[in-house]
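Everything below concerns the one structure shown next.
Values quoted throughout were computed directly from the atomic coordinates according to the rules given, and no laboratory measurement underlies them. Remember, it's a predicted structure, so these values are computed and weren't measured experimentally. Glycine gets a Cβ as well: all are built from the backbone with ideal geometry, and neighbour counts include every protein chain shown.
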C-alpha cells in the first residue's frame, strides 16, 4: 500500500512537471522559427514569438510585445497589444496597429503612435 501511494505521487509530480513546460507551440515552422514566450505560437518560416501570449506567422515575422499579433512578410509587432498584418511593417509602441505594405525591408511603414491605426501601401508613410 505504501509503495502504491509513493508511485502515485511520483507519477502525479511527473505529469504536472511535463504540463508546466508546455507553454509555447510551433505549427508547420522551420528550424529558424521559435516560440519562446509563455503561451506563444508561431507558424511559417523564420518567425519569432518572444513575449507572453503572442502569435507570429508568415515569413520573417516577429511578435515581441506581450499579447501582440504579427502576420505577413518581414513584419514586427514590437509594442504590447499590437497588431501588424502585411509586408515590411512594424509597431514600436503600445498599443498600435498597422496594415498594408511598407516601402521595403529597410524602409518599413512604422507605427510609433500609441492607440492608433496606420494603413499604407508601398511606402513608409501612411496613406
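Miscellaneous remarks
- Full-stretch length increase - residue 127, residue 59 - with 0.36 nm per residue and alpha-carbon distance subtracted: 22.1 nm
- Counting neighbouring beta carbons within 10 Å and listing from fewest to most, the residues 97, 45 come out as 45, 97.
- Computed from the Cβ-Cβ distance with R0 of 25 Å, the FRET efficiency linking residue 32 to residue 106 stands at 0.80.
- Intensity falloff of the stretch 41-127 expressed as log10 I(q)/I(0), Debye formula with alpha-carbon point scatterers, at q = 0.10, 0.13, 0.23 Å⁻¹: -0.18, -0.30, -0.94
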